[in-house]
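Just dropping this structure here.
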Amino acid sequence: MVESSMDNGAERLAPDTLRARVRNLRRPLGVAALAALAAVPAGVQPWQAVVGYGVFAAALLIRLPGSAAARARDKDNNTAAGPEDFKLLDALDLPTIVFDEQTLVMRQNAAAVSLAGAFPANATLSARIRSPAVLELVARVIDRGEPETVEDADRVPSERWHEVRVAPVSARSAAGQRLFVLTYRDLTQSRRLDRMRSDFVANASHELRTPLASVIGFIETMQGPARNDEAARTRFFGIMLDQAQRMSRLIDDLLSLSRLEMRAHLALTAKVDLGATVAHVIDTLRPMASELGVEIDFSTPDQPVILIGDADELIQVFSNLIENACKYGQSGKRVEISVTDTDANGPEVMVRDFGPGIPKEHVPRLTERFYRVDDETSRTKHGTGLGLAIVKHILNRHRARLVIRSQSGEGAVFIVKFSRPEHADTA
Ligand code: ADP
């Protein structure tokens, strides 16, 4: 970047058009014209003054571009990097440090200050940079004069990965030292995504392998020891059906997640009536709720609450939340659901149960894939551990938020907060 700033400077000094050249030279040309005029009363012939001025002006105009380029080249090769060059660094969000061949820090931009901390005056790189890999890289580049890159990982205060590049600069410091630039490119986000992806594949395989192993085990038992035990075979078939259904639910949820990821960037255009959508979900879940002995109370405003969204996806959100409230809050025997749309808060859907609640420390992690407060309870309630992760994905696409309030023994409240749509005030 420092190099390119100098190139631009050279171009400015060597304008291509004649007009630009005359503009650049107006002062010497003006002075020469005055001198030519003053020479006539002093005895010089007018034609001599005119010819003399013409030759001088032509020489100046023809010589300028070459000399400017030469000056620019000189500047590139020999002059010190000045404050103008360094100013460019401050505009970059790439952490950048300029240092000389003694590793004395000449300049760091704001991004480098927030990453590495501010270097004290007259400090060398090692005052703030501790990584042996980076310091070795610096030594190598000073030695060889060729740009090089290494990857560097920091564990404290949190795990971060950077690609660190050191390159020589074609300018010298005011003290005549060679200059180098060190930049950091943050790889943390892409590394985290890679890790999440591989964790997810490992978790999904594990979740599928458990019921599959159980099904295989029962088949082997029925082929061997329980070959002629009719009662055992009937019981085992029941368990195998359970496990097969569990795998099927898991695959459905995994496919749901991957479809949601594929659609995440598509704009939402349809108008959805929030009250009617929640009412529809309650109607389909009422048989399951009454089987669990849970009563559902529902309230919604008289006038429709209209959103821009995807009706099927919103049905999935409210099905997951209401099903969870009935399953996990079964002991409270009651689930309250309300749709509201106030000036202060905008459209909201609240699902409250009066069950055992969720210990505070688990609440922030509930929307992670396969995160369960209690594995056994989730499994006996036919959970996959993906319900709230699906909810979070859908709400992200709808620019809505999920607020979870719960404490052990106090039931749980899940609130979906939508932002008010701009053109959805009519049904
Ligand atoms: P699952 O398929 O296991 O139900 P979810 O992603 O829907 O997965 O929920 C994650 C976990 O959050 C559940 O396993 C359960 O431990 C907890 N949970 C969700 N809703 C409630 C609730 N209303 N009350 C208590 N715990 C809940």
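Could you look through region 177-193, keep only residues that are free of Cβ contacts under 8 Å to residues at least 60 places away in the same chain and outside any strand (DSSP E or B), and pick out the one that is nearest to Ala139 (Cα to Cα)?
In this case the residue turns out to be Leu187.
Ok, one more. Out of Met240, Met196, which single residue is at pLDDT below 90 and in a helix (DSSP H, G or I)?
Met196
Of everything in region 307-338 that's assigned to a strand (DSSP E or B) and crowded, with 21+ Cβ neighbours inside 10 Å, which residue is nearest to the ligand (Cβ to nearest atom)?
Across region 307-338, the extreme among qualifying residues is Val335.
Among what's in region 252-279 and is more than 28 Å from the chain's Cα centre (by Cα) and among the β-branched types (Val, Ile, Thr), pick the residue that is farthest from the ligand (Cβ to nearest atom).
Among them, the one singled out is Val272.
Conditions tested, residue by residue: (1) of a type in the set (D, E, K, R); (2) exposed (fewer than 13 other Cβ atoms within 10 Å of the Cβ); (3) farther than 30 Å from Glu159 by Cα.
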position	(1), (2), (3)
Ser190	no, yes, no
Ala204	no, no, no
Leu208	no, no, yes
Ser214	no, no, yes
Asp229	yes, no, yes
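Could I ask something else about it? Among the residues of region 419-426, are any near the ligand (Cβ under 9 Å from one of its atoms) and either at pLDDT below 95 or within 20 Å of Leu255 (Cβ to Cβ) (or both)?
Checked against the condition, which is being near the ligand (Cβ under 9 Å from one of its atoms) and either at pLDDT below 95 or within 20 Å of Leu255 (Cβ to Cβ) (or both), region 419-426 yields no hits at all.
Residue-wise test of (1) at pLDDT below 90; (2) under 23 Å from Glu207 (Cβ atoms); (3) part of a helix (DSSP H, G or I); (4) more than 9 Å from the ligand (Cβ to nearest atom).
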position	(1), (2), (3), (4)
Pro347	no, no, no, yes
Arg372	no, yes, no, no
Ser378	yes, yes, yes, no
Gly383	no, yes, no, no
His393	no, yes, yes, yes
Arg405	no, no, no, yes
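The values are calculated or read from the model by the stated rules, or taken from the named source; none is laboratory data. No experiment lies behind these values; they were computed from the predicted model shown. With ideal geometry, Cβ positions are generated from the backbone for all residues, glycine too; neighbour counts draw on all protein chains shown.
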